[in-house]
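Here, each number is a calculation from the coordinates, and none is a lab measurement. All values derive from a computational prediction rather than experimental measurement. As a convention, Cβ positions derive from the backbone with ideal geometry for all residues, glycine included, and neighbour counts pool all protein chains shown.
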Amino acid sequence: MRDLPKKPTNTDDYLEALPTDQASALQKLRKQILAAVPSCEEYFGYGLPGFKLHGHPLLYMGAAKNHCALYGMMPKGFDDVLKDFKRSKGTIQFTSKKPIPAAVVKAIVKEKVAELEAKWGSAKRK
């Protein structure tokens, strides 16, 4: 049987396997998310680095051939500030040369936290 490349099982391995520019862009995004909500937990799900809050998924990030992306149902109200990015209701694509502005990342994360806490409460359910 031929040797297949090992699939990453954690964020650090995932980032290490990427080209330098994409790894750098996602590492910057990772730091911005963790700074915006220090109580969130990093995890690896669906083959992507992700973030949970109170046990519930918050956002994911990843890389494709020609872009990086922030994944998760995006809150409303960001159309104007994201008009220059390719996006869908669950994805914002960006590159290392054109990252999502830090203030926008912070605002999206804060809005996602508010949505999650409104739905699930601010403490982990037992």
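Per-residue packing, averaged as other Cβ atoms within 10 Å, sorts the ranges 24-36, 49-61 into the order 49-61, 24-36, beginning with the highest. Sequence-distant contacts, meaning Cα pairs under 8 Å at least 6 residues apart, place the relative contact order of the chain at 23 percent.
Per-residue packing, averaged as other Cβ atoms within 10 Å, sorts the ranges 66-74, 87-95 into the order 66-74, 87-95, beginning with the highest. If you take all other residues with their beta carbon under 10 Å from the beta carbon of M74, and give Lys and Arg +1 and Asp and Glu -1, the sum is +2. Summing +1 for each Lys or Arg and -1 for each Asp or Glu, what net charge is found among the other residues whose Cβ lies under 10 Å from the Cβ of L59? Residues close to L59 contribute a combined charge of +2. Taking 41 Å as R0, compute the FRET efficiency from the Cβ-Cβ separation of D13 and W120 and round it to 0.05. After rounding, the FRET efficiency stands at 0.90. Near F94, once Lys and Arg are set to +1 and Asp and Glu to -1 for all other residues with Cβ below 10 Å from its Cβ, the sum equals +3. In the chain, the alpha-carbon atoms span a convex hull of 121 Å³ per residue.
Between the alpha-carbon centers of the range 56-126 and the range 16-43, tell me the distance in whole angstrom. Result: 13 Å between the Cα centres.
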